[in-house]
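A short write-up of the structure that comes next.
Here, each number is a calculation from the coordinates, and none is a lab measurement. Note that the structure is a prediction, hence the values are computed from the model and not measured. As a convention, Cβ positions derive from the backbone with ideal geometry for all residues, glycine included, and neighbour counts pool all protein chains shown.
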Amino acid sequence: MLTQNLGYPRIGSQRQLKKACEQYWTGKIDLEELNQVARKIKEENWQTQLDAGIDLIPCNDFSFYDQVLDTSMLLGVIPHRYSPVLSQVKSNNEIDLYFAMARGYQKDGLDITAMEMTKWLDTNYHYIVPEFTADQEFKVFNENIFNEYHSAELYLGEKAKAVLLGPVSYLLLGKEKEPGFERIDLIKKLVPVYVQIINRLRLQGIKWIQLDEPCLALDLSKKEKEALEYAYRFIANRVSGVKLLVATYFEALLDNTQLAVSLPIAALHVDLVRAPEQLDVVLALIGKDLQLSLGVVDGRNVWKNDYGKSIGLITKAVEKLGSERVIIAPSCSLLHCPIDLDLETAIDSDIKDWMAFAKQKLNEVYELKQIFEGNGELLKANENTIERRKSSEKVHKQAVKDRVASITSADAARQSTFPVRQQLHHDRFNLPSFPTTTIGSFPQTDDIRKLRARFKRKELTLEQYENEIELATIDAIRWQEEIGLDVLVHGEFERNDMVEYFGEQLDGFLFTKSGWVQSYGSRCVKPPVIYGDVSRLQDMTVRWSKYAAAQTKRPMKGMLTGPVTILQWSFVRDDQPREVTTNQIALALRDEVLALEKAGIGIIQIDEAAIREGLPLRMEKRPHYLNWAVRAFRVTAGGVQDRTQIHTHMCYSEFNDIIEHIAAMDADVITIETSRSQMELLQAFAHFEYPNEIGPGVYDIHSPRVPSIEEMASLLAKAADLLPAENLWVNPDCGLKTRKWPETKAALENMVAAAKHAREQIKLKVY
Ligand code: GLN
Ligand code: ZN
C-alpha cells in the first residue's frame with residue numbers, strides 16, 4: 001500500500017513567498033533572490049514530506065502566484081494584450097510577463113489590465129481565469145515543469161510525482177473571450193500538447209504524473225463527459241511507461257463515476273472526506289487494473305483525523321482491491337490548510353490536541369498506513385483524543401444546543417409583511433426618495449491600523465485607544481452630515497476584519513498565530529477556528545453604535561456580519577452539520593440585533609457577503625443549502641419589531657439563479673454590487689419583481705477612480721427604469737475600508753449630488 005500527497009502549501013511557514021514576491025515587485029530584491037526563496041521553500045516542503053514517510057511526493061505544485069496561471073504559461077495561453085510585454089521581457093525574464101498577467105502592467109508607457117480572478121471551486125483560494133479565443137493555439141511555452149521535475153528528482157528520486165491541472169478541467173475553468181465557439185471544443189488542439197509534456201517527463205525518468213480533474217466532481221454536460229473520455233483515450237494511446245493518476249476532490253463523482261473508473265489511467269483519487277458514501281459505488285464499478293487513492297485526511301480543515309473512521313474506509317477498499325491497489329492520501333491538496341500546528345503556542349492545549357495542520361496531516365496519512373498494518377497503539381491514542389473532543393465541555397454547551405433545537409418558524413419571520421413594515425419605516429425615518437447611505441466601513445488609514453496594533457500590543461490603555469477611535473468616528477459622522485448623507489454609519493474603525501471582530505468576542509472561536517492560508521497571489525488570510533458551540537458572551541457592537549448614534553440626529557445604521565459569512569470565512573468544526581453551527585451563530589447575532597434595537601438603533605445591517613459563495617458545487621445540493629442559509633439570516637433578523645429596518649449587503653455579483661432565495665431573506669433593504677456591470681445585474685431583481693427596497697451600488701469601490709455626478713445619475717436612471725423608483729436607495733458597491741479619504745470624499749459628494757438629481761428628474765409612481 002502506497003501513501004501520497006496531492007499538493008503542499010507553498011507560501012512558506014513564515015509567509016516567506018509573500019514577502020519575497022512583494023519585495024521583487026517593488027524592486028527591493030532581484031530575480032535571483034526571489035528564486036532562492038522559492039527553492040528553499042520547495043526543498044523544505046519536500047524534506048517535510050520525506051520525513052513524514054510519504055511515498056509519492058508532489059512537485060510542480062509550487063507556484064509564484066497561482067497554479068492555473070502556471071498552466072496557462074506552460075501551454076502558451078497568453079492573451080494578445082500582453083504581446084508588448086512579451087516582446088519586452090523575452091530578452092531578460094519571463095516571470096515579469098507572468099506577474100503582468102496576474103497583476104496588470106503599468107510601465108514603459110504600457111497600461112494593460114490583469115487577467116480576471118475567481119474562486120477555485122468552493123474554496124476561498126482564487127485562481128487566474130484562462131482566456132481563450134476561437135483560434136486559440138497551444139504549445140509548450142516554457143520549461144518550468146521539466147525543471148521542477150529535474151530538481152525534485154534530485155531531491156526525491158522515484159518518489160517525485162509531477163502535478164498538472166488536467167486538460168478538461170483547465171478548459172472548463174477558463175472563459176471564452178469572444179463569441180462563436182465553445183472552449184470545450186479546444187480539447188482536440190490541447191491534448192497533443194499534454195502528450196508532448198508527458199512524454200518529455202517520461203524521458204526524464206518520471207514514474208507518476210498527477211492530473212487534477214476536479215471537474216469530474218461537477219455537473220457535466222454530455223459534451224464535457226465526451227471530452228474527458230476523448231482526452232484520456234488520446235493520451236493513453238500515445239503515452240506508455242508512466243503512471244497517470246487522475247485526482248478529483250470537493251464532491252462525489254455521482255453520475256460521473258462510471259466515466260471516472262473507466263478512464264485509461266493507472267490510478268484515480270477520490271475525496272472520501274466530503275463524500276465517504278461514494279466509496280461503495282466506486283468499488284462496485286471499478287475495473288480490475290485501476291488503483292484507487294483514498295482521500296481520507298481532510299485537506300480543507302484543521303481537525304485531527306478520526307482514524308477509526310478512515311481505517312473503516314481503507315479496510316473496505318482493501319477487501320475489494322487488495323492492498324497493492326490502494327493508496328492513502330489527504331482528500332485534496334493541502335494548499336487550503338495552515339502549515340504547521342507546532343508553531344501555535346497559545347492555543348488551549350486540549351483543543352490543540354484535536355487539531356492538525358498540513359504538516360501534521362502528512363503524518364496522519366503515514367500513521368493510517370501503520371495502523372492498517374497492525375499498529376494498535378496509534379489507533380488507541382487517536383480514539384482517546386477523538387473521545388475527549390466528543391465529550392469536552394469546551395465544545396458542548398447544552399444550553400446552546402437546546403436553544404438551536406427549539407428555533408421555531410415564528411423565530412424565522414418578521415411580525416408583519418413587508419408593506420406594513422415599509423409604511424412604519426416611512427413614518428419613522430421620514431427619508432427622502434433615493435435615500436443615500438454607505439455600506440459601513442470608512443478608510444482604514446495607517447493611523448487607524450497602527451492604533452489598533454498598538455492597543456493589541458498593550459502599548460495603549462483601553463481608554464486611550466477608545467478616545468482615538470471616538471475621534472475618528474466623530475470626524476466621520478460630522479463629515480457625513482456635511483455632505484448630506486441620509487443614513488449614517490459609524491465607520492467600523494474599531495474592526496480589524498468583519499469576521500475576526502465577531503469571532504474574537506464569541507464563545508466557541510479561537511485564533512491562530514501563524515495559521516495563514518493563501519487567498520490569492522501574495523495575499524494570505526488567517527481564518528478563525530470554530531471549535532465549539534457558539535454563544536454570545538456580551539454586547540459586541542452596541543458600544544460603538546450607541547456612541548455614534550448619540551453624535552447625530554440622523555439615523556445611524558448598526559452593522560453586523562451575518563451568520564453564513566462568519567461560517568464561510570472560518571475553519572468550521574467537522575463534528576456537526578454546518579447548518580447547526582450556522583444556527584448557533586445566528587442566535588448569537590439575533591441577540592446582538594435585539595441589543596442594538598434596545599439601545600435605540602432603528603436601522604440594522606446584517607452583511608451576508610458570502611452567502612452566494614457558500615453554494616454547493618453540485619446543483620442537487622443547492623436547494624438544501626439555500627434553505628438553511630436563508631433561514632439562518634431570517635433567524636438573525638426575525639426578532640425585531642416591525643418599526644426596525646433590517647438591511648443586508650452582498651458583494652457577490654450573480655443573482656439570477658438564486659434570486660428567489662434572496663427575496664426569501666425578506667430584508668427591508670438590500671444593497672448589492674452593480675456598478676461594474678452597468679446595472680445589468682439588476683435584471684434578475686427586475687424580472688423577479690423583487691418586492692423590497694434595494695440599493696444597487698452606483699460606484700465601484702475597488703478602484704480609486706472618482707465617478708462623476710452624471711455617471712452615477714445615469715446609473716440611477718437606469719435602475720429606475722428597471723425597478724420601482726420609490727424602492728431605490730443610493731450607495732456605493734461595498735465598504736470603503738480599502739480606499740483613501742480624498743477619493744472617498746470626492747466620490748460620495750458626487751453620489752449625494754447624483755441622488756439629488758434623481759429626486760428632481762425621476763418621477764415616482766403614484767399608486
Ligand atoms: N460592512 C462591511 C464594510 O463596509 C461590508 C464589507 C463587505 O461586504 N465585504 O466593510
Ligand atoms: Zn460588499
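General remarks:
- Whether region 238-295 is rounded, prolate or oblate, judged on the alpha carbon gyration tensor where a/c under 1.5 counts as rounded: prolate
- Region 427-478: GluC sites (Glu not before Pro) in DSSP coil with no more than 14 other Cβ atoms inside 10 Å: 459
- Which of 323, 349, 221 has the fewest Cβ neighbours within 10 Å, and the rest in rising order: 349, 221, 323
- Efficiency of FRET between residue 309 and residue 80 - r from beta-carbon atoms, R0 45 angstrom, step 0.05: 0.30
- Normalised contact order of region 364-488, rounded percent, pairs of Cα under 8 Å and 6 or more residues apart: 23
- Packing here is the average count of other Cβ atoms within 10 Å per residue, and on that basis the peptides 382-395, 544-557, highest first, run 544-557, 382-395.
- Full extension of the chain between residue 743 and residue 420 gives 112.4 nm of extra length, using 0.36 nm per residue less the Cα-Cα distance.
- Where a label projected 7 Å from the Cα of residue 574 along Cα→Cβ would reach, residues of region 294-324 with amide N under 13 Å: 295-311
- Here the spin labels are modelled as points 7 Å beyond Cα on the Cα-Cβ line, and at residue 133 and residue 478 they lie 5.6 nm apart.
- Taking every DSSP bridge with both residues inside the chain, close to 20 percent are antiparallel.
- Selection of chymotrypsin sites (Phe, Trp or Tyr not before Pro), region 170-261, meeting DSSP coil and at most 16 other Cβ within 10 Å: 181
- Förster radius 51 Å - calculated FRET efficiency between residue 110 and residue 627, Cβ distance, rounded to 0.05: 0.55
- Working from Cα pairs under 8 Å separated by at least six residues, relative contact order for the chain is 11 percent.
- Fewest-first ranking of 73, 619, using other Cβ atoms within 10 Å as the exposure measure: 619, 73
- Placed amide H near residue 293: partners under 5 Å, 5+ positions off or other chain: 268, 269, 270, 327
- Remark: for residue pairs 189/718; 107/458; 107/557; 304/456; 361/458, the C-alpha separation exceeds 32 Å in 189/718; 107/458; 107/557; 361/458.
- The alpha carbon gyration tensor of region 158-306 gives principal lengths a ≥ b ≥ c with a/c of 1.5 or higher and a/b no greater than b/c, which makes the shape oblate.
- For region 659-767: rounded, prolate or oblate by the Cα gyration tensor [a/c cutoff 1.5]: oblate
- Qualifying GluC sites (Glu not before Pro) in region 260-362, DSSP loop, other Cβ atoms within 10 Å at most 14: 277
- Sorted by Cβ density within 10 Å, fewest first, the residues 98, 520: 520, 98
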